[in-house]
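The values are calculated or read from the model by the stated rules, or taken from the named source; none is laboratory data. Keep in mind that what you see is a predicted model, and the values were worked out from it rather than measured. Backbone-built Cβ (ideal geometry, glycine too); neighbour counts: all protein chains shown. Note: areas computed on protein heavy atoms with side chains; ligands, DNA, RNA excluded. Shrake-Rupley method; radii C 1.70, N 1.55, O 1.52, S 1.80 Å.
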Amino acid sequence: MRKALIAGNWKMHMTTVEGCQLAADVSKACSEFTDREVLLAPPCNMLNEVSHVIKGSGIIISSQNVCWEKEGAFTGEISPLMLKDAGGSAAIVGHSERRQIFMETDELVNRRVKGALSFDLLTILCIGETLEEREAEKTFVVLERQIRKGLAGVESADMEKIVIAYEPVWAIGTGKTASKEQAQEVHAYLRKLIGQIYEKNIAEQTRILYGGSVKPANVDELMAQPDIDGALVGGAALDGDSFGRIINFEN
Ligand code: PGA
């Protein structure tokens, strides 16, 4: 049984005081879950404070990116060790904003994935096609490349630490969500692909999240799809009420 995972990616938003308030609201909203997990990815500067605020709630704390080295001359990066030191146990890797704005390649993303795994972090590998790629009917080719290259060298035994987040680039921050049918079609494809790369039982155990304009109004229908195991939420994760409703999705 795959446990649902709802992740809030705060991106480059909020001051520490605001972030701590939001974290406190989220931890109130998820008091008694046994069937789902909640993850927050605040900006690095407030990881420590937010970790203190959510202590005892079961919420997982994540960074929004992570380096593969534990220390050294890597200006602007956070190491897996620093992340753990600040109370984190998970990392988002390969987000489309990293790929598109900061030119991160599949090879670089793969280094990050392997670095995160070597520190035993829950590793959320983000993939997704652009609008041009979808319109050119290249969606599956692009996703296959991102999965194969992103997971290159990752052993079967490490797959329990991997979460895939399918985030069509055209749906991120645009208010345009993939329909539940579009999302389910891709998720089923990804599960089959993971089964081909690894084994069927690994594909069955791997959680695949959907991301891209997830909101209170569409979370229930998305979560009702058989291959959608959770959500990676951006904009709607910045408000305690809307994220509270999303983590309380009905199934
Ligand atoms: P969005 O962002 O929910 O604002 O579309 C999702 C994401 O970038 O992870």
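What the table shows:
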item	result
Residue-span extension gain [residue 200 to residue 224] - 0.36 nm each, minus C-alpha spacing	6.5 nm
Whole-number percent relative contact order across the range 4-247, with pairs defined as alpha carbons under 8 Å at least 6 apart	20 percent
Integer Hz, Karplus 6.51/-1.76/1.60 couplings in order for the range 183-200, x for Gly and Pro	5, 4, 4, 5, 4, 5, 4, 5, 5, 5, 4, 4, x, 6, 6, 10, 9, 4
From phi via Karplus (6.51, -1.76, 1.60), per-residue ³J(HN,Hα) for the range 15-25 in Hz, x at Gly/Pro	8, 4, 4, 5, x, 5, 5, 5, 4, 5, 5
Calculated Rg and Dmax of the chain using C-alpha coordinates, Å	16.7, 48
Quarter of the Cα convex hull surface for the range 71-151, i.e. its orientation-mean projected area (nm²)	5.7 nm²
Residue of 112, 207, 148 that the Gaussian network model of the chain assigns the largest fluctuation, springs spanning Cα pairs under 10 Å	148
Long-range HN-HN contacts of residue 39 with modeled amide H, under 5 Å	6, 7, 8, 60
Residue 170 accessible area, 1.4 Å probe, all protein chains in place, Å² to nearest 10	30 Å²
Solvent-accessible surface ranking, highest first, for 82, 223 at 1.4 angstrom	82, 223
Area of residue 81 that stays accessible when all protein chains are in place (1.4 Å probe, Å², to 10)	80 Å²
Sulfur and carbon atoms: percent of accessible area, the range 4-247 [1.4 Å]	52 percent
Residues whose placed amide H lies under 5 Å from that of residue 165, excluding near-sequence neighbours	125, 126, 127, 209
Positive-end residue of 63, 136, 198, charge dipole of the chain with Cβ unit charges	198
In Hz, Karplus ³J(HN,Hα) per residue of the range 121-130 (6.51, -1.76, 1.60; θ = phi - 60°; x = Gly, Pro)	7, 5, 10, 9, 8, 8, 9, x, 9, 7
Per residue accessible area in Å² of the chain, where ligands, DNA and RNA are left out and the probe is 1.4 Å	45 Å²
MRE, 222 nm, helices only [DSSP H, n ≥ 4, -39500 (n - 2.57), over the chain, to nearest 500]	-11500 deg cm²/dmol
For residue 149, solvent-accessible area (1.4 Å; no DNA, RNA or ligand), Å²	90 Å²
Subset of 138/215; 114/161; 84/114 violating a 19 Å alpha-carbon distance limit	138/215
Separation of alpha-carbon centers, the range 38-102 and the range 200-226, rounded to whole Å	23 Å
Computed magnitude of the charge dipole of the chain (debye, nearest 20; Cβ of K, R +1, Cβ of D, E -1)	240 debye
Which of 26, 121, 189, positive extreme of dipole for the chain (C-beta unit charges)	121
Computed lengthening from residue 25 to residue 155, 0.36 nm per intervening residue step minus Cα-Cα distance	43.0 nm
FRET efficiency for residue 16 and residue 217, using Cβ-Cβ distance with R0 set to 41 Å, rounded to 0.05	0.85
Net charge dipole size for the range 93-177 [Lys, Arg +1 and Asp, Glu -1 on Cβ; Debye, nearest 20]	140 debye
Accessible-area ranking of 101, 246, largest first, probe 1.4 Å	101, 246
